[in-house]
Amino acid sequence: MQAPAFASGSRPSSSARWARSPSLNFDANNLPNWTHDNVISYNHVYQIGQGVTDDIGAVHAATGLQTGNQILHNTFHDITHDPGTGGYGGWGIYLDQGSSFVTAKNNLVYNTSATGFTYNHSESGTFQLKATPNPIQNNIFAFGAQASIHRNQDDGGMNLSFQNNIVYWDQTAPPFGPPSPQEGTWVCNGSVTAVTGCFSFASNLYYSKMDPGMATWRFITGNNNPTPLTLALWQALGEDVGSVTTVDPLFVCPAKTACAGSGAFNFNLQSGSQAPALMHFVPFDPSQAGRANPVLMPASLPPAFPVQVPASY
């Protein structure tokens with residue numbers, strides 16, 4: 001279930017949303033429209049989908065070529081698509097149908113049944129421009145069950161700039177391809193080598209809790225049969241210059257159960273974290289998302305359909 005779409009100049013912020021997600025929509029596939037200058041900020045959005053529906057996000061945008069749309073300082077978690085045959089798409093930040101110029105910054109996204117971030121291509125036509133960059137910067141993406149970053153199909157445009165993010169995961173046997181922070185289509189105009197014209201990665205920190213030395217996990221290019229790449233080979237394509245893959249970001253308590261002195265899923269950085277120095281990550285406080293004064297939580301209601309929520313993502 002999604003909340004009503006916003007058109008222009010909206011500022012939905014500081015809310016706690018359970019089983020509802022904010023959406024920016026007017027038209028799709030890179031046509032000009034009136035969905036501009038909206039800011040979705042400081043919202044706490046969780047338990048979306050609950051294993052009942054598909055193709056969902058904690059926040060969804062289909063904004064075409066409009067500018068000024070921003071997704072800032074939100075906490076999104078526990079996004080679950082239908083796990084049955086044909087079920088797909090439990091995304092965190094979901095930029096759909098060639099959304100362009102959308103800034104996503106200082107967000108925490110964790111526990112997603114698909115990935116923490118996804119970009120879906122523009123169905124380009126004669127009068128449609130190709131997608132233009134979406135800056136994805138200084139976010140934390142953790143515990144994507146399939147991967148962390150998804151790109152669906154190749155429209156040949158410059159889709160996203162992914163910089164200064166922390167990507168953290170523990171999956172070892174994803175359903176598609178080798179263990180990787182990526183999933184989907186990682187080609188540009190059909191090329192698996194000249195890729196920086198469609199997506200640009202730089203100065204990110206990647207850390208696999210289950211494979212901290214990057215013994216088996218890989219970056220990927222390609223589509224249905226992806227080619228696994230070491231960091232050196234990925235960087236040789238011009239991607240992830242300045243990024244690191246074997247440094248623990250030192251979250252306070254990223255565990256799924258409480259730690260000594262901290263509750264579970266505490267993604268604040270410990271004082272000894274190297275993330276700020278290594279890749280210019282600017283720490284932010286995820287607890288500021290949602291209602292703070294007074295703290296308001298939605299009432300518990302029985303589900304209208306049988307839910308299918310995993311014990312762990």
Could I have the simple spin-label model distance between N152 and V307, label points 7 Å from Cα toward Cβ, reported in nm to one decimal?
2.4
Residues D37, D285, D78, sorted so that the one with the fewest Cβ neighbours within 10 Å comes first:
D285, D37, D78
So for each of 140-150, 235-245 I average, over its residues, the number of other beta carbons within 10 Å; can you give me the resulting order with the highest mean first?
140-150, 235-245
Just the number, please: percent antiparallel of the DSSP beta bridges in the chain, rounded to the nearest 5.
10
Whether the chain is rounded, prolate or oblate, judged on the alpha carbon gyration tensor where a/c under 1.5 counts as rounded
rounded
In percent, how large is the relative contact order of the chain, given Cα pairs closer than 8 Å and 6 or more residues apart?
14
Once you keep just the Cα pairs under 8 angstrom separated by 6 or more residues, what percentage relative contact order results for segment 121-236?
25
Can you tell me the order of 214-224, 154-164 when each peptide is scored by its average per-residue count of other Cβ atoms within 10 angstrom, highest first?
154-164, 214-224
Which of the peptides 198-204, 168-174 is most tightly packed, and how do the rest follow, going by the mean number of other Cβ atoms within 10 Å of each residue?
198-204, 168-174
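Computed from the coordinates by the stated procedures, all read-outs in this text should not be read as laboratory data. This one's a predicted model, so the numbers in the text were calculated from it and none came from an experiment. Glycine gets a Cβ as well: all are built from the backbone with ideal geometry, and neighbour counts include every protein chain shown.
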